[in-house]
């Protein structure tokens, strides 16, 4: 399953918005098959920060581990945020 | 007429403005901030009041607000997080249009976002008096100013690290120590992100909370924290880019 993060907004920065996005996303997640990867596409995201990322990505990383795959994660704020979140969660992200 | 003591060296001007001496030399050449005269030995001298004005009237306004709760014009004030997000996105659009900033604008916005959102996240339901943040930026002077009249970093971190003794220790932890997912609250890693971004990019930060003032610049991972003669309860940040 591939999810375009820009559908949640192109400036993804606050914890509150990250929590709201995560809650809204739960209904889509029910369609994910047992062995299917969950691909999150950062294309179009302009600014990304650890507050939003911690609310949205950290629980997904904990639940899906290497089935969580991040793509188009080249934006400088996306890269820097992912490095910090990997440290906080003590687990690396799979980035393609 | 200006007296001799009103003139300061380039090093002193750099210290006041929290930029490097090389930056000041560039600004002198481009006319952005010209030195006022040259000393007998041939060194640039700056007129101190002019340097302070350059630093920013905005910074003075923010500082007066955190110190004395002066009246704020609505254009500087975000009463809640939604207003702050809206203005932050407006700033993002402005910065994005500047070609020189194409590599760092998203980082500058993320840094400002983390600092401003921290104010809301850590004070929600707990504001001692005025809720909200001061938020203003000046594209020409290349700076962003954020301030809040919240409980401050020490009081916030003491809830999860009771062993902390003072503002300086609290700032050091806030900017360096990663609080892992096992901690009772997940909040609190935003300032680590800020220190990493500043250390790796042409971005500067001065951050004061309580009686501790921290200065961070590129390529300098050592935290420079000093005692401020004007303590206050909340937080005050100056981001330069």
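The values are calculated or read from the model by the stated rules, or taken from the named source; none is laboratory data. Not measured: the values here are computed from a predicted model. Please note: Cβ atoms are built from the backbone with ideal geometry, for glycine as well, and neighbour counts cover all protein chains shown.
Residues of the stretch B:97-109 that are in a helix (DSSP H, G or I) and more than 7 Å from every other protein chain (Cβ to nearest Cβ): B:99, B:100, B:101, B:105, B:108.
For the stretch B:49-84, a residue qualifies if it is in contact (Cβ under 8 Å) with a residue 60 or more places away in the chain and over 30 Å from residue B:8 (Cα atoms), and the qualifying residues are B:69, B:72, B:75, B:76.
The strands (runs of 3 or more DSSP E) located wholly in the stretch B:110-223 that include 1 or more residues which are surrounded by fewer than 20 Cβ atoms within 10 Å (Cβ to Cβ) and either at pLDDT below 95 or within 14 Å of chain A (Cβ to nearest Cβ) (or both) occupy B:133-138, B:204-217.
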